[in-house]
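To keep things clear, I will list the structure first and then write my remarks on it.
Readers should treat all values here as calculations from the given coordinates under stated rules, not as data from a laboratory. Predicted, not measured: the structure shown is a model, and the values here were computed from it. Don't worry about glycine lacking a Cβ; one is built from the backbone with ideal geometry, like all the others, and counts go over all protein chains shown.
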Amino acid sequence: MPIFKIATWNVNSLRVRLPHVLTWLRDVEPHVLAVQETKLPDEDFPLDAIHEAGYTAIFAGQRTYNGVAIFSREKTTEMITDIPELDDHQRRVLGATIDGIRILNLYVPNGERVGSEKYQYKLNWLNKLDAFLKEELKKYDRMIVLGDFNIAPEEIDVHDPRLWEGQVLFSEPERNAFRNMLKVGFQDCFRLHSPSEKSYTWWDYRLGAFRRNMGLRIDHILASNALAPQCVKCEIDKAPRTWERPSDHVPVIAEFSI
DNA sequence: ATGGTGGATACTCCA
C-alpha cells in the first residue's frame, strides 16, 4: 500500500525561513507540508521557489501576522480559508482535499495570557472550530487536522508542568478544548505511536530554552477515527531547530498507509 | 531578578 507523508511546521516568517523549508522538503520529501505564520501578503508568496521544489501551493496570507499555506505534490481541491460562523479577518485556517483526504491546516490563536482578551478570543475560536469539525466529519470520513494548536494537551507534553500550571498554552480550559476536539472524532497521531515519550515541538527563543530543552508539544497532527488506524508513524524532527536562524517551532511528520 | 530573543514594521506589537 502506498505511503502518504504529511507534515506541519510553524515557520515564523516564510520570507526568512524559505531556505530552511526548501532544504527540508528536499531531504524529507513529504507529500504535503502545512505551514503556519508565513507573515506574508499573498502577492509576496514565493510561488516560483515552491514550484521549482516540485510542489503546488495554496495560501491564505496576511502582512506581519499569521498566514497559512499548504504545499502539496498532488493537486488540491475544495479549498477553504475560513471557519463558518467565525468572522475572523486573521488568516489562520486553510482547508483542502488532497488524494481523497480532507486536510485542515490551523494556526490556533496564542492567547497571550490567561484571562486576557486574546485568551477569550482563543477559547471562542476553538469552540467555533469544534462545531465546524463536526460538520466536516459528516462530509469527510478520512480527515487530518494539523498545525500549531498553541496547546500542550497533557503534563507529559510540558518540560515543567508545575511551572506551566494555569499558564496560557497549558491552562485547563485550553486543554479541555483540545480534548473536546478529540471527542468529536480524532486521535493524536504522535501519542498513537509514542504514548510515553517526552518530546517537544516548540522552545521559546529566550532564556536558552532549546539548549535546556525547556519545550512544549503544541504542534499536532490529528487523524479522524476512520483514518487513524492507517497512521503507521509520527515523529518530531528536531534537526531544523539546530540550523542557523531557526524557527522557534520544528516540524511534526506523520505517515499513513493508504 | 518579573527579565530574555526573534520577526516585521516603523519608532511598537506579537509570540
- Query: Restricting to segment A:75-191, what percent of DSSP beta bridges are antiparallel, rounded to 5?
  - Reply: 55 percent
- Message: Under the rule a/c < 1.5 gives rounded, and otherwise a/b versus b/c splits prolate from oblate, where does chain A land using the Cα gyration tensor?
- Response: rounded
- Rank these for me by crowding, A:151, A:221, A:3, going from fewest to most other beta carbons within 10 Å. A:3, A:221, A:151
- Note down the magnitude of the dipole of segment A:134-245 about its Cα centre, charges +1 on Lys and Arg C-beta and -1 on Asp and Glu C-beta and zero elsewhere, to the nearest 20 debye. 140 debye
- Query: Near residue A:16, within a Cβ-to-Cβ distance under 15 Å, what is the net charge of the other residues, with Lys and Arg +1 and Asp and Glu -1?
  - Reply: +2
- Message: Using each residue's phi in segment A:211-216, evaluate 6.51 cos²θ - 1.76 cosθ + 1.60 at θ = phi - 60° and report the 3J(HN,Hα) Karplus result to the nearest Hz, with x for Gly and Pro.
- Response: 4, 8, 6, 8, x, 9
- Run through the DSSP bridge list for chain A and note the antiparallel percent, rounded to the nearest 5. 80 percent
- Query: What's the tally of Lys pairs in chain A whose alpha-carbon atoms lie under 20 angstrom apart, where the two lysines are 8 or more places apart or on different chains?
  - Reply: 17
- Task: Compute the Rg to Rh ratio over segment A:1-150 from the alpha carbon atoms, using the Kirkwood formula for Rh, and round to two decimal places.
- Result: 0.96
- Item | Helix-only [θ]222 nm of chain A, DSSP H runs n ≥ 4, -39500 (n - 2.57) each, per residue, nearest 500 | -8000 deg cm²/dmol
- Query: Which whole-number percentage describes the relative contact order of segment A:3-257, with Cα contacts under 8 Å and a sequence gap of 6 or more?
  - Reply: 20 percent
